[in-house]
Amino acid sequence: MVDWLVMIPAFVVLSAVLLLPGWLIVRALGARGLEALAVSPAVSTGLIATFATVAQRAGVRWGLLPLLVVTLASVGVAMLGMRLFGRHDPDLGTARRFLGRPRPDAVVAIAVGVVLALATILPAIGRPDELVDSPDAVYHLDRIRTFLESGNFSIVNPTFYPNGFHAWIATSLLPGVADVLPGTNVATVVLAAVVWPVGCVALVRHALGTSRLVTYAAGFASAAFIAFPTTLLGWGVLWPNLMATALTPGALALMLQAARSKRIGQWLGFAAALPGLALIQPNALVALVLFALVWFVAARLRAGLLHHLSWPVVTRDLAVVAVVGVGGLVAAPVVSARLASTQSYEWTDRVSIWTALVEVVGGRLQIASVLWGLVVLLALGIAWIALRARAAIPVVAMWVSCVVLYVMAASSTASWTALITGYWYNDKVRLAALAAVPGVVLVAAAAPALRELLRRTPRVGARLEARPVAAAVVALLVLPVLTLGLNATTRHRMLTGFFQPGSADRVILGFEGQESLRRLGALIPVGQGVVGRPENGSPLMWALFGTNTLYRSIPIPTTGDEILIGTGFDNLADRPDVCEALARHDIRWAIDSNHVYWLDRPERSSGLEHLADNDGVEPVRTDGDYTLYRITACGLGDRSPA
């Protein structure tokens, strides 16, 4: 834990950059309450990602000073716009209206969520510089290094890809508070242990009310699921999706608050969050659309059952939603080739519908047993909402919709289901994480249900009736006992397995390998490039040490110079096209190793195997499992320093 204490400055800077700009903007727009804080990370990220791209087009190097300038300008525009066209609460003074006033109950609940998350996440990860051994980590870490080295945080650097996650981290690391790897690990902890609890407490208070019991239950409920954030901290590794899901409860809370209050400032605050969500992971926008439609449909049906609306009106509204929804699903992939590509992802591990239900409802995804404590809490929460908090029935419908999407992605082989689940790459892991958003509300609703059950229990109820606080405390403590208590080992084992795999071929690059590559990288002149099979961990030389590597992802791309060099490097004497590709990238060095990560695509890097047998290179030094070679073919060796 001492290693984590050293990262406190990085934790503070990452949190401030993520929260402060957006919070100032939404407060200036008139959004109030915890929802304003919960939505601020999305607004901040949108501000950073958008203006970083604009700065690149304008020839301005992005940094903290440009961020400060655009933040102040945005706050000024927001305040001016509200003065001219909006309307603030007349009963609030300027200082209170802009700065707000923290609610002690909400602060305590958030603190509970933060402490529980840190206590479960940090020991499982180990050290701050521990590498999560998932292939996408290579790309994400290398892109953050590219932003830092180039000063170009644009969405198209080096190729088009949402830049919200990477731009936020790179901006925060500019003061030098941490290196790329530990800084990124701290960033994911900020998302899982700060942003997620804040959003969960805001959403629960909006859905179930602001009582102390429900508020405190929200803090405990934020740590109840393994599907999120535990799984997404290491699987994939789906860091942008982790960030988008962590931000969804806050955005959803503000959206629902704005729909009820109809305040222009709250709607503007919600609208300001949308670009950030899109620039992190666009499926977050789809999730909000899904939740909004489900909420609308459930609310309309409830209005019909309570005779608040006539059934012809309800039927008309639902028909419009159905027609627009189906039309949108069919048209979207036709309009967007990128979406069509996303929807084409196929997974081979199809399961039965019953197994899929057990996985998503029982939490038995990538673990051996059902999380019975979580199942009990979900059932109690649904029952309580159905009987005592019917205004939150749409949240139950939202959770059911996520369950349906999961079952479709996990069990269906029909091509049409990709029109719906393709926004999440037809990936059941992402959909299980999404189900945790409304699921938190259901778990929190179990607290008042448990208190009621305790009061109705013979003997115990009589004693607790005179001690209402004791009944509430017992009900609250049941939540962590049935979740964190019963599945602590499972949760810890899963997360530790991502960062410290038991099998050597599941390790991309261990600490010894990092030191070997660090020493070998020091022999390569600054700027000159090195190539090696991506599965041996060499692409991380760029992220970790700034050594210019040709490959910066696993696996090798299937087009361009990367695949040309990967497949033709073993025949440099007869491949002038490969020599030209090496010269274009100034690649004069090569790395070989007997270590190969399990995600191997040998057909893409066949030319880089067994460099000791390659006549176009000569060995320079061996360090541990790695050997550095100088490229002597193609005339490159003549220009390389001795």
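Only one of the numbered conditions (1) open to solvent by 40 Å² or more (accessible area, probe 1.4 Å); (2) more than 28 Å from the chain's Cα centre (by Cα) is violated by W235, and that is (2).
Residue by residue, here is whether (1) within 22 Å of L380 (Cα to Cα); (2) at pLDDT 95 or above; (3) hydroxyl-bearing (S, T, Y) holds:
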site	(1), (2), (3)
R467	no, no, no
A471	yes, no, no
T483	yes, yes, yes
F498	no, yes, no
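For region 614-630, a tally of residues being touching a His at 6+ places or on another chain (Cβ under 9 Å) and either open to solvent by less than 30 Å² (accessible area, probe 1.4 Å) or closer than 19 Å to P135 by Cα (or both) returns 1.
Could you please let me know if L611 is modelled with pLDDT of 95 or more, open to solvent by less than 50 Å² (accessible area, probe 1.4 Å) and touching a Lys or Arg at 6+ places or on another chain (Cβ under 6 Å)? Quick ask: steps written out before the conclusion?
Values: modelled with pLDDT of 95 or more: yes; open to solvent by less than 50 Å² (accessible area, probe 1.4 Å): yes; touching a Lys or Arg at 6+ places or on another chain (Cβ under 6 Å): no.
No; evaluated as a whole, the condition is false for this residue.
From the set of residues in region 513-542 that are in contact with a strand residue (DSSP E or B) (Cβ under 7 Å, 6 or more places away or on another chain) and part of a loop (DSSP other than H, G, I, E, B), which is surrounded by the fewest Cβ atoms within 10 Å (Cβ to Cβ)? So, considering only residues that are in contact with a strand residue (DSSP E or B) (Cβ under 7 Å, 6 or more places away or on another chain) and part of a loop (DSSP other than H, G, I, E, B), the one surrounded by the fewest Cβ atoms within 10 Å (Cβ to Cβ) is L523. Got at least one residue in region 631-642 being modelled with pLDDT under 95, among the polar types (S, T, N, Q) and exposed (fewer than 15 other Cβ atoms within 10 Å of the Cβ)? Checking region 631-642: not a single residue is modelled with pLDDT under 95, among the polar types (S, T, N, Q) and exposed (fewer than 15 other Cβ atoms within 10 Å of the Cβ).
The single condition from (1) of a type outside the set (G, A, S); (2) within 16 Å of V530 (Cα to Cα); (3) surrounded by 15 or more Cβ atoms within 10 Å (Cβ to Cβ) that R604 fails is (2). The set of residues in region 384-418 that are surrounded by fewer than 17 Cβ atoms within 10 Å (Cβ to Cβ) and over 19 Å from V289 (Cα atoms) comprises A386, L387, R388, R390, A391, T413, A414, S415, W416.
Check whether at least one residue in region 504-512 is of a type in the set (F, W, Y) and surrounded by fewer than 20 Cβ atoms within 10 Å (Cβ to Cβ), and report yes or no. Within region 504-512 (the criterion being of a type in the set (F, W, Y) and surrounded by fewer than 20 Cβ atoms within 10 Å (Cβ to Cβ)), the answer is yes, since at least one residue qualifies. Checking each residue in region 12-25 for being within 22 Å of the chain's Cα centre (by Cα) and open to solvent by less than 60 Å² (accessible area, probe 1.4 Å) picks out V13, L14, S15, A16, V17, L18, L19, P21, G22, W23. Per the listing I565, I591, the residue uniquely in contact with a helix residue (DSSP H, G or I) (Cβ under 8 Å, 6 or more places away or on another chain), in a helix (DSSP H, G or I), at pLDDT 95 or above and surrounded by 14 or more Cβ atoms within 10 Å (Cβ to Cβ) is I565. Against the criterion of being modelled with pLDDT under 95, part of a helix (DSSP H, G or I) and open to solvent by less than 80 Å² (accessible area, probe 1.4 Å), G304 qualifies. Within region 311-359, the residues that satisfy the criterion of being of a type in the set (S, T, Y) and open to solvent by 80 Å² or more (accessible area, probe 1.4 Å) are T315, Y345, T348.
Which residue is farthest from T489 (Cα to Cα), if the candidates are limited to region 218-229 and must be open to solvent by 10 Å² or more (accessible area, probe 1.4 Å) and part of a helix (DSSP H, G or I)? The residue in question is F220.
Answer yes or no as to whether I110 is over 25 Å from V440 (Cβ atoms), crowded, with 21+ Cβ neighbours inside 10 Å, under 20 Å from the mean Cα position of the chain (by Cα) and modelled with pLDDT of 95 or more. Taking the combined requirement at face value, the residue does not satisfy it. Candidates in region 60-85 are the residues that are small (G, A, S) and in a helix (DSSP H, G or I); of these, the one that is surrounded by the most Cβ atoms within 10 Å (Cβ to Cβ) is A78.
When the residues of region 471-490 are filtered to those that are of a type in the set (G, A, S) and within 29 Å of the chain's Cα centre (by Cα), which remaining residue is nearest to S369 (Cα to Cα)? Before the answer, list the steps.
From region 471-490, those of a type in the set (G, A, S) are 471-472, 475, 485, 488; that's our starting set.
Filter again for within 29 Å of the chain's Cα centre (by Cα), leaving 485, 488.
On the way: G485: 15, A488: 13 Å.
Here the answer is A488.
Taking the conditions (1) closer than 21 Å to R621 by Cβ; (2) open to solvent by less than 30 Å² (accessible area, probe 1.4 Å); (3) in a loop (DSSP other than H, G, I, E, B) in turn, I556 satisfies each one other than (1). Among residues belonging to region 125-167 that are out of contact with any Phe, Trp or Tyr (no Cβ under 7 Å at 6 or more places or on another chain) and small (G, A, S), point out the one that is surrounded by the fewest Cβ atoms within 10 Å (Cβ to Cβ). The qualifying residue surrounded by the fewest Cβ atoms within 10 Å (Cβ to Cβ) is S150. The condition of being at pLDDT below 95 and on the phi < 0 side of the Ramachandran plot holds for only one of V314, V375, V323, V335, that being V335.
The values are calculated or read from the model by the stated rules, or taken from the named source; none is laboratory data. Because the structure is a prediction, the values reported are computed rather than measured. Note: ideal-geometry Cβ built from the backbone for every residue, glycine included; neighbour counts use all protein chains shown. Accessible surface is based on the protein model in full, side chains and every heavy atom, while ligands, DNA and RNA are left aside. Shrake-Rupley method; radii C 1.70, N 1.55, O 1.52, S 1.80 Å.
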